[in-house]
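The values are calculated or read from the model by the stated rules, or taken from the named source; none is laboratory data. Just so we're clear, the structure is a prediction, and the values are computed from it rather than from any experiment. Virtual Cβ from ideal backbone geometry, glycine too; neighbours counted across all protein chains shown.
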There are 2 protein chains.
Amino acid sequence: MSFRDHIIRCNSYAPERVVPLVAGGERIGLLRRDNAEALRRFPEVFAVADDRVELVAQGDADAVSRAVDRVVDALVAEKHIPKTRSETFDVARRWGAPPLFRLDRGAVPFFGTRAYGVHLNGYRRDGSGLALWVGHRAADKRVAPNKLDNLVAGGIGNGHGLADTLVKEADEEAMIPTDLIARAVPAGAVAYRMETTLGIRDDVLFVYDLEVPDDFVPQNRDGEFSGFALMAAGAALDRIRTSFDFKFNVNLVILDFAVRHGILRPDDPEYLDVATGLHRRLD
Amino acid sequence: MSFRDHIIRCNSYAPERVVPLVAGGERIGLLRRDNAEALRRFPEVFAVADDRVELVAQGDADAVSRAVDRVVDALVAEKHIPKTRSETFDVARRWGAPPLFRLDRGAVPFFGTRAYGVHLNGYRRDGSGLALWVGHRAADKRVAPNKLDNLVAGGIGNGHGLADTLVKEADEEAMIPTDLIARAVPAGAVAYRMETTLGIRDDVLFVYDLEVPDDFVPQNRDGEFSGFALMAAGAALDRIRTSFDFKFNVNLVILDFAVRHGILRPDDPEYLDVATGLHRRLD
């Protein structure tokens with residue numbers, strides 16, 4: 001296997017398998033055709049045509065959210081969508097735009113609305129190189145149980161800003177003190193679009209780097225991680241190149257870190273595939 | 001204007017305006033339809049069909065290069081291609097693959113073969129921020145005269161490797177000593193595809209960062225720059241946002257630097273457009 005395998009896996013989206021979900025003439029999601037069909041029973045909320053699905057529920061964000069929620073509840077009952085997660089994501093035309101409605105996180109891939117997350121590369125200097133703090137995901141996580149993860153990672157839920165989410169998750173997942181997380185440096189965004197069993201994940205991950213002191217040892221307190229390990233950046237790269245041990249999207253975040261810090265170097269035969277494969281252009 | 005304007009300008013390629021240039025069943029270039037038509041007169045070198053142009057010249061790289069050169073000379077005489085530059089670029093199926101032939105640099109956009117360059121962000125710490133060394137391109141440069149540039153930038157010519165090109169250009173363009181340029185850190189690749197008056201530029205720029213000491217002052221000796229200036233990174237960003245003072249592709253290289261170093265921050269409304277707009281996926 002290779003670095004490319006992770007990039008291909010996270011970009012498995014095939015346009016011919018989906019129709020756009022539109023609101024007010026603009027695309028806000030991507031519905032796999034079988035998922036679009038399942039919405040025909042709710043004509044007061046969604047107008048399903050052959051080449052598109054339109055959100056037709058009227059009213060403000062609260063009213064539309066309630067209408068969509070009723071559909072989600074019905075789809076959960078029919079097992080089209082897994083049990084809801086009691087956490088909602090804003091759905092908007094673009095990052096920063098006012099939300100059209102709030103959607104249960106578990107239903108996001110069904111509708112293929114864009115989801116935003118924040119991932120933190122926690123690292124320290126280790127001799128002449130860098131070492132990454134890596135989290136072990138708990139065995140009971142619904143997504144990617146037991147996989148390796150960044151030091152901190154989380155979705156940006158409804159009503160939470162980016163900085164706010166980073167501080168909260170850094171505290172809950174790794175007990176990073178406020179004065180330390182304040183030193184995290186934004187370093188870009190990883191973006192990909194993939195098909196899963198549930199639908200389409202259209203994800204944008206805001207990436208931060210944080211150099212931690214040698215005496216910092218992360219501790220988890222929300223049960224999402226079973227532990228942490230310090231891994232030389234080169235060893236993390238080897239692990240990515242040869243295994244699926246990291247959560248699918250974390251491979252991309254660490255590859256981005258490796259490119260930016262000169263750990264993955266231009267003499268690697270996959271260098272250009274990696275350097276140009278981690279930032280799907282938004283549309 | 002905005003950051004996006006520079007990204008859009010460097011990605012003006014429209015697939016419907018070109019046909020592929022193929023060799024041995026693989027695409028090696030992109031010919032605008034008028035350029036493809038101009039090749040019909042050379043059936044011993046190029047087979048022109050409605051939907052593709054095939055390189056049919058036979059022999060090793062030297063023989064194919066000679067055959068293509070004769071075509072280039074004729075096209076120069078007919079003013080389809082500007083006067084040749086006496087510098088050749090390798091044409092290969094992908095970076096690192098054996099070259100199929102060598103092509104005069106001036107003819108590269110006509111055939112739309114991929115060109116590789118190296119750009120160096122030279123910077124130093126300046127109080128709490130970073131300052132960039134910026135070059136002023138000479139008034140007699142054929143491409144982008146009088147525009148602002150990176151500290152070092154150059155195309156990767158036939159027979160030159162990446163590290164080799166960086167060291168040579170760093171010496172010629174800015175008199176960066178060997179022991180200093182050895183500290184340059186590879187930091188990724190910027191990629192874009194644009195239509196120009198001559199054809200298609202399908203460019204990949206290997207990006208390096210170099211922190212220079214405070215007492216380093218660049219000096220040009222190959223006549224490509226008329227001078228240098230030290231510019232606070234934030235001021236360079238403002239200049240990019242509000243002008244076309246920088247060479248078209250240098251805007252992208254500095255935006256990439258600004259994203260990676262946390263100078264452009266997620267609260268900028270264009271952050272995601274920039275973070276996902278600088279690395280066109282290779283195909």
Matching entry among A:Phe257, A:Phe244 (being away from chain B (no Cβ under 14 Å) and either out of contact with any Phe, Trp or Tyr (no Cβ under 7 Å at 6 or more places or on another chain) or over 24 Å from B:Arg183 (Cα atoms) (or both)): A:Phe244
Filtering segment A:103-119 down to residues that are more than 15 Å from A:Gly161 (Cβ to Cβ) and not small (Gly, Ala, Ser) yields A:Leu103, A:Asp104, A:Arg105, A:Val108, A:Pro109, A:Phe110, A:Phe111, A:Thr113, A:Arg114, A:His119
Output the residues belonging to segment B:262-272 that are under 24 Å from the mean Cα position of the chain (by Cα) and at the interface with another protein chain (Cβ under 7 Å from one of its Cβ atoms). B:Leu272
Restricting to segment B:186-202, and then to whatever is small (Gly, Ala, Ser) and within 11 Å of another protein chain (Cβ to nearest Cβ), can you tell me which residue is farthest from B:Gly117 (Cα to Cα)? B:Ala187
Any residue that is over 18 Å from B:Arg94 (Cβ atoms) and either at the interface with chain A (Cβ under 10 Å from one of its Cβ atoms) or touching a Cys at 6+ places or on another chain (Cβ under 7 Å) (or both) - is there at least one of those in segment B:178-185? yes
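Yes/no matrix, rows are residues, columns are (1) in contact with a Leu (Cβ under 6 Å, 6 or more places away or on another chain); (2) free of Cβ contacts under 8 Å to residues at least 40 places away in the same chain:
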{"residue": "A:Leu103", "(1), (2)": "no, yes"}
{"residue": "A:Pro109", "(1), (2)": "yes, no"}
{"residue": "A:Ser128", "(1), (2)": "no, yes"}
{"residue": "A:Leu132", "(1), (2)": "no, no"}
{"residue": "A:Asp164", "(1), (2)": "no, yes"}
{"residue": "A:Val167", "(1), (2)": "no, yes"}
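Residue-by-condition table, conditions (1) closer than 24 Å to B:Pro98 by Cα; (2) surrounded by 19 or more Cβ atoms within 10 Å (Cβ to Cβ); (3) hydroxyl-bearing (Ser, Thr, Tyr):
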residue: B:Leu148; (1), (2), (3): no, yes, no
residue: B:Val152; (1), (2), (3): no, yes, no
residue: B:Asn158; (1), (2), (3): yes, no, no
residue: B:Leu166; (1), (2), (3): yes, yes, no
residue: B:Glu169; (1), (2), (3): yes, yes, no
residue: B:Asp179; (1), (2), (3): no, no, no
residue: B:Arg183; (1), (2), (3): no, no, no
Applying the selection to segment A:28-53, what residues are closer than 26 Å to A:Leu282 by Cβ, under 27 Å from the mean Cα position of the chain (by Cα) and without any contact (Cβ under 8 Å) to a residue 12 or more places away in the chain? A:Asp34
Matching entry among A:Arg124, A:Arg142, A:Arg183, A:Arg193 (being at pLDDT 95 or above, among the charged types (D, E, K, R) and within 24 Å of A:Pro82 (Cα to Cα)): A:Arg193
Taking the stated definitions as given, is A:Leu278 of a type in the set (A, V, I, L, M), more than 25 Å from B:Arg183 (Cα to Cα) and buried (at least 21 other Cβ atoms within 10 Å of the Cβ)? yes
Which of (1) more than 14 Å from every other protein chain (Cβ to nearest Cβ); (2) among the hydrophobic types (A, V, I, L, M, F, W, C); (3) within 19 Å of the chain's Cα centre (by Cα) is the odd one out, the single condition A:Leu205 does not satisfy? (1)
Hey, B:Leu166 under 26 Å from B:Gly29 (Cβ atoms), within 13 Å of chain A (Cβ to nearest Cβ) and in contact with a Pro (Cβ under 8 Å, 6 or more places away or on another chain) or not: no
I need every pair where a residue in segment A:4-17 that is under 12 Å from A:Arg193 (Cβ atoms) and touching a residue at least 60 places away in the same chain (Cβ under 8 Å) has its Cβ under 7 Å from the Cβ of a residue that is basic (Lys, Arg) and surrounded by 14 or more Cβ atoms within 10 Å (Cβ to Cβ), sequence separation at least 6 or different chains. A:Asn11/A:Arg193; A:Asn11/A:Arg280; A:Tyr13/A:Arg193; A:Arg17/A:Arg32
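For segment A:152-163, which residues satisfy the criterion of being within 14 Å of chain B (Cβ to nearest Cβ) and part of a loop (DSSP other than H, G, I, E, B)?
A:Ile156, A:His160, A:Gly161
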